[in-house]
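Here's the structure, in structure tokens; my notes come after.
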Amino acid sequence: MARSAAAKSPRSSARERFVAMTAKLMSRRGYAGTGLNEIVEKSGAPKGSLYHYFPAGKEQLAAAAVAWASARFMATLRDELAGSATVAEAMGNLAETIAGWLEASKFRDGSPLTIVAVETGPFIEPLRLACDAGYRDWADAIADALRAEGRKPAEAADLALLAVTSLEGAVILARTQHSAEPLRQIGRLLKRSLK
């Protein structure tokens, strides 16, 4: 779901291009379906620099891509929280933004965190940890905003978990159904639930 401007910018470093392209490819096909040769080819970065930046190989590169995608989404989340009157409104707007991303990609792109977490979580610890950190950051940002609205810490944490899991689940349903309606419906439900 993250936009990958670094993958196309000639000014970005080879490392940035590898990371951005890996995030993009994993958002479509997951970890196993993303090969190093394709990453090199589509990033336009020199092949020889791949192991310079990622000496531990694909696993290290994928963990960096998950962290990059998470940070890009976090920037969008923070923008929505800052630009909305309430957290409820921000979550509705965020669901609409994600719906637009999915529609623009013809439902090919998803969340690299979700795909990678489901695919590799039990087997590749660095990727599990990278996905966990991303989800925690998103939930913490939402919980912080809810506390600022006067919610008690435990309630804010519960509602933040509800928001993150609802949005990620709606992405899966939207891709499965080739329709953004699950996201739009979750946006409406979150707006009501977080009031």
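The values are calculated or read from the model by the stated rules, or taken from the named source; none is laboratory data. Quick caveat: nothing in here was measured; it's all calculated off a predicted structure. Here the Cβ positions follow ideal geometry from the backbone for every residue, glycine too, while neighbour counts run over all protein chains shown. Ligands, DNA and RNA are stripped out before the accessible areas are found, and what is left, the full protein with its side chains, is counted by its heavy atoms. Shrake-Rupley method; radii C 1.70, N 1.55, O 1.52, S 1.80 Å.
Some notes on this structure:
- With all pairs of separate Cα atoms included, region 82-139 yields a Kirkwood hydrodynamic radius of 13.1 Å.
- Toward the positive end of the charge dipole of the chain, with +1 on the Cβ of Lys and Arg and -1 on the Cβ of Asp and Glu, the farthest Cα among Ala154, Ala63, Leu81 is that of Ala63.
- Heavy-atom accessible surface of the chain: percent carbon and sulfur, 1.4 Å: 55 percent
- Accessible area per residue was computed with a 1.4 Å probe on protein heavy atoms; Lys191 scores about 80 Å².
- Ellipsoid fit via the Cα gyration tensor, region 1-123: semi-axes of 27, 16, 13 Å, each the root of five times an eigenvalue, largest first.
- Ranked order, Ser105, Ser13 - accessible area, probe 1.4 Å, largest first: Ser13, Ser105
- For the residue pairs Lys152/Lys191; Lys152/Lys195; Lys24/Lys191; Lys106/Lys195, the C-alpha atoms sit more than 25 angstrom apart in Lys24/Lys191; Lys106/Lys195.
- Using the 1.4 Å probe convention, the accessible area of the chain works out to 48 Å² per residue with neighbouring protein chains retained.
- The listed residues Ile186, Ile172, once ranked by accessible area (1.4 Å probe) with the largest placed first, stand as Ile172, Ile186.
- Amide H within-cut-off set for Tyr31, under 5 Å, with H built and near neighbours excluded: none
- Loop chymotrypsin sites (Phe, Trp or Tyr not before Pro), region 98-160, which have at most 10 other Cβ atoms in a 10 Å radius of their Cβ (DSSP): Phe123
- Ser193 contributes an accessible area of around 60 Å² to the protein surface, as traced by a 1.4 Å probe with all chains present.
- Applying the Karplus relation 6.51 cos²θ - 1.76 cosθ + 1.60 with θ = phi - 60° to region 104-115 yields 3J(HN,Hα) values of 4, 8, 6, 6, 7, 8, x, 9, x, 5, 4, 4 Hz, where x marks Gly and Pro.
- With the convex hull drawn around the C-alpha atoms of region 95-195, the volume per residue stands at 93 Å³.
- Rounded Å value of the spacing that divides the Cα centres of region 34-71 and region 97-141: 17 Å
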